[in-house]
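**Student:** Just passing along the structure, written as structure tokens.
The values are calculated or read from the model by the stated rules, or taken from the named source; none is laboratory data. No experiment lies behind these values; they were computed from the predicted model shown. FYI the Cβ positions are ideal-geometry reconstructions off the backbone, even for glycines, and counts take in every protein chain you see.
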Amino acid sequence: MKNKLLSLSFITLLSCLTGISIIGNAQSISAGFNFSLFRCADGTVKGTGTNSSGNLGIGTTVDHSAAVTVNVVNGIIAVETGNSHSVFLKNDGTVWAVGSNSNGQLGDGTTTSKTTPIQVVGLTGITAITAYSSHALFLKNDGTVWAVGDNYGGQLGDGTTTSRSTPFQISGLTDVTAVSTGLGHSLFLKNDGTVWAAGYNDYGQIGNQPLFGSSIPVQITGLSGINAIAAGGKQSLFLKSNGTVWGLGGNYNGELGSNNSNTMFFSPFMIPGLSGITAISAGFIHSLFLKNNGTVWATGDNNYGQLGDGTTVNKNVATVLTGINGVVAISAGMYHSLFLKSDATVRSVGANFFGGLGDGTTIQRLTPVMVNNLCTMSLAAAENTLEKDISVYPNPCNVELHIDLVDYLSQPNTEVEVFNWQGQLLQRTSVQNANTTMRFNDLSAGIYLVRVATPKGTVTRKIIKE
């Protein structure tokens, strides 16, 4: 659902809805190397699967086949899985990490693994994170990129192959809007629609560069109008603004969907049979594509059933997954895949060695199954002592919704959150003054939850949008 024009200023509320409890589950997903992470609407995180390095962040190294709560600070807005470590972005722009740290990928200045999340040093103003294998990238709000961890292929882009245990700014990169990490390479999307890359190139994954790759960012020629990137094991994917997908790199398992396996591509090409694509995800040796009608298309390795078509037969062309629709987000892991549906439930498929599918078993699945024990959030609007200080109107509303924070001066650091009826977070904003205004252009008619959180407490209201 797209966000709509919604104005938040501050004055009186008459709530015309009674308290109703609605359950919402994961708001974002990340499939890693035999484990999975799920971010909840309330900013908490759940995890399932292998935990031998402490990557689930629960203080132990015990595996779990059903989702457990990660011991990370609240207010998490993004999660990323590496090989054996996890990275979390908080709403204040700080980054936290847990798990294996053999290459310094946790960014705390050591190579000591952790079982409880710790803050990555020296990072503020971060807006996006990405992790794969044993390195991570961080996008700052000024368009610069910071990196940490394994650098064996030059994927950190600092001109060396020396690993780093504290984050550093990659020189020469500006105006970056998205980052993506692969097995030994990194991708950087600039605001002009061009793509830059660093790291290994043994399969052509960073384009027409020497086979040994590049330890500084270089532009991938032949790409323009790109608005999303995804780096995988040996492949790179690029989503154009017209809904087509372009590929580069290894295709030995059909992961580029070129209808021609056992090949490498050093120049970007348009992947056949794909149109109207809104999201891409590159796994180890398989790839997923989300279409604008909520269907998922998949190609590549299927030895563990990660393509979700009921077989273990590899595909060398993108094929639609039957039996699953209404998908709003996808994530391809090493040998499994995750699908977030519009009702905020999650389906998983593929390898399940350590319980990474989260269905309470370690049984391999060839068709998607429900992830169990995920986070829940009540949308009930309980009364509290702040009722006289915060009010929202009109209800029902049409184009604008007004909110008044009467005692704003004694309640700084206030945030407003808007959720849909499924509990999915649509918008979060920091209130700058008592008459702050937010606008959302595409909020459709229905019931929404507006939550105003202050240092004194929280007020929640259900609003009808006509």
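**Student:** In contact with a Pro (Cβ under 9 Å, 6 or more places away or on another chain), in contact (Cβ under 8 Å) with a residue 24 or more places away in the chain and farther than 24 Å from residue 34 by Cβ - does that describe any residue in the stretch 101-121?
**Tutor:** yes
**Student:** Tell me which residues, restricted to the stretch 225-276, are aliphatic (A, V, I, L, M), in contact with a Ser or Thr (Cβ under 8 Å, 6 or more places away or on another chain), farther than 13 Å from residue 187 by Cβ and crowded, with 19+ Cβ neighbours inside 10 Å.
**Tutor:** Those that are aliphatic (A, V, I, L, M), in contact with a Ser or Thr (Cβ under 8 Å, 6 or more places away or on another chain), farther than 13 Å from residue 187 by Cβ and crowded, with 19+ Cβ neighbours inside 10 Å: 256, 271, 274.
**Student:** Ok, one more. Pairs needed: first member in the stretch 409-426, more than 28 Å from residue 343 (Cα to Cα); second member anywhere, assigned to a helix (DSSP H, G or I) and at pLDDT below 75; C-beta distance under 9 Å; at least 6 residues apart or different chains.
**Tutor:** 414/408
**Student:** Does the stretch 344-352 contain at least one residue that is in a loop (DSSP other than H, G, I, E, B) and at pLDDT 95 or above?
**Tutor:** Yes.
**Student:** Farther than 28 Å from residue 108 by Cα, surrounded by fewer than 18 Cβ atoms within 10 Å (Cβ to Cβ) and at pLDDT 95 or above: is that true of residue 193 in this structure?
**Tutor:** yes
**Student:** Give 207, 273, 222, 243 a once-over and let me know the one that is assigned to a loop (DSSP other than H, G, I, E, B), of a type outside the set (S, T, N, Q) and in contact (Cβ under 8 Å) with a residue 60 or more places away in the chain.
**Tutor:** Only one candidate qualifies: 207.
**Student:** Keeping to the stretch 334-352, report how many residues are more than 17 Å from the chain's Cα centre (by Cα) and buried (at least 19 other Cβ atoms within 10 Å of the Cβ).
**Tutor:** So the count comes out to 5.
**Student:** Another one. With the condition kept exactly as written, say whether any residue in the stretch 126-145 is of a type in the set (A, V, I, L, M), in the same structural domain as residue 190 (by TED's automatic domain parsing), assigned to a loop (DSSP other than H, G, I, E, B) and surrounded by fewer than 23 Cβ atoms within 10 Å (Cβ to Cβ).
**Tutor:** no
**Student:** If a residue has to be in a loop (DSSP other than H, G, I, E, B), more than 21 Å from the chain's Cα centre (by Cα) and of a type outside the set (Val, Ile, Thr) to count, how many in the stretch 179-204 make the cut?
**Tutor:** Qualifying residue count for the region: 6.
**Student:** Could I ask something else about it? Assess whether residue 95 counts as being in contact with a strand residue (DSSP E or B) (Cβ under 8 Å, 6 or more places away or on another chain) and under 19 Å from residue 47 (Cα atoms).
**Tutor:** Answer is yes for this residue.
**Student:** Do we have residue 73 as assigned to a loop (DSSP other than H, G, I, E, B), among the hydrophobic types (A, V, I, L, M, F, W, C) and out of contact with any Pro (no Cβ under 6 Å at 6 or more places or on another chain) here?
**Tutor:** Yes: the conditions hold for residue 73.
**Student:** Moving to a separate point now. Run down 221, 177 and say which single residue is of a type in the set (Val, Ile, Thr), modelled with pLDDT of 95 or more and under 19 Å from residue 146 (Cα atoms).
**Tutor:** 177
**Student:** Then there is this: Consider the stretch 196-224. How many of its residues are hydrophobic (A, V, I, L, M, F, W, C) and buried (at least 24 other Cβ atoms within 10 Å of the Cβ)?
**Tutor:** 5
**Student:** Could you count how many residues in the stretch 415-466 are of a type in the set (A, V, I, L, M), modelled with pLDDT of 70 or more and under 27 Å from the mean Cα position of the chain (by Cα)?
**Tutor:** The qualifying residues number 11.
**Student:** Would a scan of the stretch 379-402 turn up a residue that is under 30 Å from residue 349 (Cα atoms) and at pLDDT below 65?
**Tutor:** Scanning the stretch 379-402, I find at least one residue that is under 30 Å from residue 349 (Cα atoms) and at pLDDT below 65, so the answer is yes.
**Student:** Restricting attention to the stretch 33-68, which residues are farther than 22 Å from residue 283 by Cβ and small (Gly, Ala, Ser)?
**Tutor:** Within the stretch 33-68, 41, 43, 54, 57, 59, 66 qualify.
**Student:** Among what's in the stretch 87-118 and is farther than 22 Å from residue 52 by Cβ and within 19 Å of the chain's Cα centre (by Cα), pick the residue that is surrounded by the most Cβ atoms within 10 Å (Cβ to Cβ).
**Tutor:** The residue in question is 95.
**Student:** Please list, ordered by first then second residue, the pairs with beta carbon atoms under 6 Å, 6 or more apart or interchain, first in the stretch 141-156 and under 12 Å from residue 172 (Cα atoms), second assigned to a loop (DSSP other than H, G, I, E, B).
**Tutor:** Correct list of pairs: 143/174; 143/175; 145/170; 145/173.
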